[in-house]
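Taken together, the values in this text are just the output of simple stated rules run on the coordinates, not laboratory data. All figures in this text were calculated on a predicted structure; none of them were measured in a lab. We place every Cβ from the backbone using ideal geometry, glycine too, and count neighbours over all the protein chains shown.
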Amino acid sequence: MSIVSEKSHRRSEKSPDQQLIDSNIQGLEEGAELIRLLQKDQYTQGFKPAFQSTIGAHFRHVLEHYRCFSTQIVGGTFCYDKRERDQLLECDSGYALRTIDELIESLSVLANPNVGVEFFIEDEQASRQIQTNLNRELLFLQSHTVHHYAIIGAMTRAFGNQPDEDFGVAIATRVHNESCGDQALAAIKESACAQ
C-alpha cells in the first residue's frame, strides 16, 4: 500500500474534524522535512529574477498564518493581516523548525473544532466581520500552505535539491494521482504536455 493510500485509509477511520487537523500537522511536518533538506544559506538565498522572495520568506508567511490561527482562536476572531512579520522566521531555519514544532503542538491539542462556537474572520479589506468556523479556517490554512509549498518546492529544485515529489501538491491531487496508477498518470501527463 502506498503512502497516500495508507494515509487515506487511516484518514477514513478518523472524524472529519481530526482529518483536517492531521492534514495541517502533516503539512507542517513536510515543511520541516524540506527545511532540513536545505543547505543553511539556501533558506535565505534569493533566486531572482524567477523568484522575488526567498524560501525563508515563504516559510515566514505560512508559519505566521498558523500563528495567527493559534493565538487568535481564543478571541474568536481571526485576522491573518495581523501577522507579526517576524524576520527571524525568515532568516533562521532553526528558529523556523522550533516554531513548526510549537505550531504542531498547538494543533495537536485542538479537539472538536465544530462544537457550537462562533468564530469570525476579518481583514483590512472587509468592512465587517464574516462568520466562519474552525474547519473552514483549517481548510484555508491547508490550501494556503500548499500554494506556498509549490513555490518553495520549485525554488528548492532550482537550487538542485530534490524534495519529496508530492511536496507542494494538494491532497486532492495526490489522491487523484494515486487512483490513476503510475501508467495512467504518465499517459495523462504525456497527453497534457503534447497539446
Query raised in the report: How big is the charge dipole of region 29-106 about its Cα centre, in debye rounded to the nearest 20, if each Lys and Arg gets +1 on its Cβ and each Asp and Glu gets -1 on its Cβ?
Result: 280 debye
Query raised in the report: Sorted by mean Cβ packing within 10 Å, highest first, what order do the peptides 125-134, 163-172, 53-62, 18-27 take?
Result: 53-62, 18-27, 163-172, 125-134
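Can you tell me the length gained on complete extension of the stretch D164 to S106, counting 0.36 nm per residue apart and subtracting the Cα distance? Walk me through the numbers on the way to the answer.
On the way: separation 58, 0.36 × 58 = 20.88 nm, distance 2.54 nm.
Contour length minus Cα-Cα distance gives 18.3 nm.
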